[in-house]
Amino acid sequence: MYYHIMYILGRLRRRYINQIPEGKSEYLNSRRAFTIDGVTAFAVLNLVSFVYLSGLLHHIGAPKTLNGIISAFPALVNVAQPMGAALAQNIKKRKPYISAGALLHRLMFTLIFFVPLFLPPSQACAVIAILLFSGHFINAFITPMANSWIISLTPQRVRGKYFGLREFYSMITAAAVLLLTGFILDYFKDMGKAGTGFLYVGVIVGILTLINTIALSRVMEPESLEQSVRGEPIAKILKMVLTEKGFRPVLILSGIFMLGIQVAVPYHGIYMVDDLKISYGFISTVSFITMIQKAVIVRRWGRLADKTSWARVCRLSVILIAASHLLNFFLTPSTWIWAYPASALIASFGWASINIALLNVQYDYAPMKGRTIYIGICGAVTGIIGFLGVFLGSFILPLADKYKPVVFGMVLKGQQILMLISGILLVSCAVYTFSVVEKKEKIINTQEGRAL
């Protein structure tokens with residue numbers, strides 16, 4: 001028994017600690033495994049957010065405002081990113097921490113769908129909130145280390161191509177998974193067994209978690225080139241990041257964008273399901289089409305980034321998302337049949353690239369010394385701003401229901417007002433990106449992915 005245990009520990013040590021890529025093929029295989037990780041992680045994230053999470057919470061009787069706040073946990077828990085970044089400064093091997101965190105938080109997401117099976121609605125809502133908060137907190141904690149890991153495997157000259165390809169496969173897979181789960185949910189909802197439908201979604205999340213764990217174990221970790229910041233007081237580190245002139249515009253850009261998104265998006269799913277009565281099947285069909293569209297366009301965004309800059313891609317993406325949110329201002333029970341698909345199609349062009357664009361903009365302008373710290377604090381600051389946006393939205397919604405404002409003879413719902421505010425904020429974000437961020441000179445690092 002002792003030898004069996006030591007053998008297993010030896011294999012785990014070799015898999016998670018002693019694997020260092022040395023040649024081109026090992027870097028390539030690691031990026032391929034990271035692509036599978038991204039594909040499964042993206043599908044899981046979509047199944048525990050937006051309309052699917054809103055539908056589950058609505059099914060167990062959660063109020064709209066609580067539904068929106070719970071849906072915005074991913075923004076709030078970004079305060080964990082500096083903690084993960086600080087840990088990264090003091091360890092040589094980050095893969096074991098990232099792999100364990102990824103497995104743990106996705107297992108929590110799996111359990112969410114089984115909670116209503118064992119607990120009454122009031123208790124189920126509380127447990128789901130705890131699982132969601134804990135899962136997203138762990139995910140935020142490992143995110144700076146994971147992003148640094150994938151960046152270290154990808155040379156700057158091919159990042160646009162690689163991230164475009166990775167997002168392509170992620171969106172194709174997510175489109176198929178969301179279409180399947182949408183029809184599963186509608187099938188059981190029509191039978192009066194909505195809870196059973198969510199159990200099947202939980203099984204799908206569990207399978208994706210298993211695949212993700214296997215893929216992540218196959219990614220090798222290069223020696224870190226980052227210059228660590230160790231032994232510095234937190235206040236000094238925070239001041240260093242906030243006063244860095246080259247990085248400050250990225251903080252402002254990310255903050256405005258997060259505020260614009262979180263003031264409206266967390267409430268959009270429940271608005272469509274509860275107020276507009278749009279079926280899961282219709283939403284999933286539209287999601288499938290837009291995912292395919294994203295998959296087609298994302299590689300073009302990557303090539304554009306390689307030719308110009310990620311800042312320019314970010315600006316164009318934000319403009320498209322802003323246009324979509326302004327169109328959502330006209331989303332009503334009488335217009336959703338055309339307004340929702342049109343808005344989703346426009347938004348898909350922007351959402352296809354915005355996440356990878358924001359990530360790469362941060363890495364383009366963050367100094368090499370303590371780079372993970374810069375990214376972590378950026379995530380924390382923007383997360384807090386985003387959560388404040390959620391509370392702003394929760395304040396506006398009941399006021400709109402109470403006073404029922406009228407514009408052009410149309411009684412406005414709270415969600416329409418939130419989308420108008422969001423669109424204005426996103427337009428200002430695009431203007432700031434063009435006038436400030438794109439004018440700055442990015443930091444070029446030729447050492448990452450040097451074996452390529």
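Are there any pairs, at least 6 apart or on different chains, whose C-beta atoms fall under 8 Å, with the first in the stretch 390-403 and more than 20 Å from Phe73 (Cβ to Cβ) and the second β-branched (Val, Ile, Thr) and in a helix (DSSP H, G or I), and if so, which?
Close Cβ pairs satisfying both conditions: Pro398/Thr65; Ala400/Ile417.
Out of all the residues in the stretch 39-71, which are modelled with pLDDT of 80 or more, surrounded by fewer than 20 Cβ atoms within 10 Å (Cβ to Cβ) and part of a helix (DSSP H, G or I)?
Leu45, His58, His59
Conditions tested, residue by residue: (1) within 18 Å of Arg371 (Cβ to Cβ); (2) at pLDDT 85 or above; (3) in contact with a Phe, Trp or Tyr (Cβ under 8 Å, 6 or more places away or on another chain).
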position: Cys125; (1), (2), (3): no, yes, no
position: Ile142; (1), (2), (3): yes, yes, yes
position: Ser148; (1), (2), (3): yes, no, no
position: Ser152; (1), (2), (3): yes, no, no
position: Val158; (1), (2), (3): no, no, no
position: Leu165; (1), (2), (3): no, yes, no
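Exactly one of these conditions fails for Arg31: (1) modelled with pLDDT of 85 or more; (2) within 18 Å of Ile204 (Cα to Cα). Give me its number.
For Arg31, the failing item is (2).
Is there a residue in the stretch 128-151 that is out of contact with any helix residue (DSSP H, G or I) (no Cβ under 8 Å at 6 or more places or on another chain) and more than 30 Å from Arg312 (Cα to Cα)?
Yes, some residue in the stretch 128-151 is out of contact with any helix residue (DSSP H, G or I) (no Cβ under 8 Å at 6 or more places or on another chain) and more than 30 Å from Arg312 (Cα to Cα).
So which of Leu103, Leu132 is under 23 Å from Ala43 (Cβ atoms), touching a Phe, Trp or Tyr at 6+ places or on another chain (Cβ under 7 Å), at pLDDT 90 or above and assigned to a helix (DSSP H, G or I)?
Leu132
Can you tell me which condition Gln81 does not meet? The list is (1) surrounded by fewer than 23 Cβ atoms within 10 Å (Cβ to Cβ); (2) assigned to a helix (DSSP H, G or I); (3) in contact with a Pro (Cβ under 8 Å, 6 or more places away or on another chain), and all the others hold.
It is condition (1) that Gln81 fails.
Cβ-Cβ below 9 Å, separation at least six or inter-chain, first residue in the stretch 47-58 and under 17 Å from Lys193 (Cβ atoms), second assigned to a helix (DSSP H, G or I) and among the aromatic types (Phe, Trp, Tyr): which pairs?
Pairs that qualify, where the first residue is under 17 Å from Lys193 (Cβ atoms) and the partner is assigned to a helix (DSSP H, G or I) and among the aromatic types (Phe, Trp, Tyr), are Tyr52/Phe198; Tyr52/Tyr280; Gly55/Phe198; Gly55/Tyr280; Leu56/Phe198.
Looking at (1) of a type in the set (Ser, Thr, Tyr); (2) under 24 Å from Arg159 (Cα atoms); (3) surrounded by fewer than 22 Cβ atoms within 10 Å (Cβ to Cβ), which is the one condition that is false for Ser122?
The number of the failed condition is (2).
Looking at the stretch 339-362, can you tell me whether even one residue there is touching a Phe, Trp or Tyr at 6+ places or on another chain (Cβ under 6 Å), part of a helix (DSSP H, G or I) and over 30 Å from Asp306 (Cβ atoms)?
Within the stretch 339-362, one or more residues are touching a Phe, Trp or Tyr at 6+ places or on another chain (Cβ under 6 Å), part of a helix (DSSP H, G or I) and over 30 Å from Asp306 (Cβ atoms).
Of Val177, Val127, Val158, which residue is closer than 30 Å to Ile297 by Cα, surrounded by fewer than 18 Cβ atoms within 10 Å (Cβ to Cβ) and β-branched (Val, Ile, Thr)?
Val158
When both residues are 6+ apart or on different chains and their Cβ atoms are under 8 Å apart, which pairs have a first residue that lies in the stretch 275-292 and is closer than 10 Å to Pro341 by Cα, and a second that is of a type in the set (Phe, Trp, Tyr)?
Val286/Tyr340
Please return the ranges of helices (runs of 4 or more DSSP H) entirely within the stretch 182-299 where 3 or more residues are hydroxyl-bearing (Ser, Thr, Tyr) and either at pLDDT 90 or above or in contact with a helix residue (DSSP H, G or I) (Cβ under 6 Å, 6 or more places away or on another chain) (or both).
Where helices (runs of 4 or more DSSP H) fall fully within the stretch 182-299 and carry at least 3 residues being hydroxyl-bearing (Ser, Thr, Tyr) and either at pLDDT 90 or above or in contact with a helix residue (DSSP H, G or I) (Cβ under 6 Å, 6 or more places away or on another chain) (or both), they are 194-217.
Where residues in the stretch 130-154 are over 18 Å from Gly38 (Cα atoms) and either surrounded by 22 or more Cβ atoms within 10 Å (Cβ to Cβ) or not small (Gly, Ala, Ser) (or both), which of them is farthest from the chain's Cα centre (by Cα)?
Among those residues, the one meeting the criterion is Ile130.
State all residues of the stretch 198-213 that are in contact (Cβ under 8 Å) with a residue 12 or more places away in the chain and either in contact with a strand residue (DSSP E or B) (Cβ under 9 Å, 6 or more places away or on another chain) or under 23 Å from Lys93 (Cα atoms) (or both); if no residue qualifies, say none.
The answer is Thr209, Ile211, Asn212, Thr213.
The values are calculated or read from the model by the stated rules, or taken from the named source; none is laboratory data. Worth saying up front: this structure is predicted, and the values here are computed from it rather than measured. For neighbour counting, all protein chains shown are included, and Cβ atoms are generated from backbone atoms with ideal geometry for every residue, glycine included.
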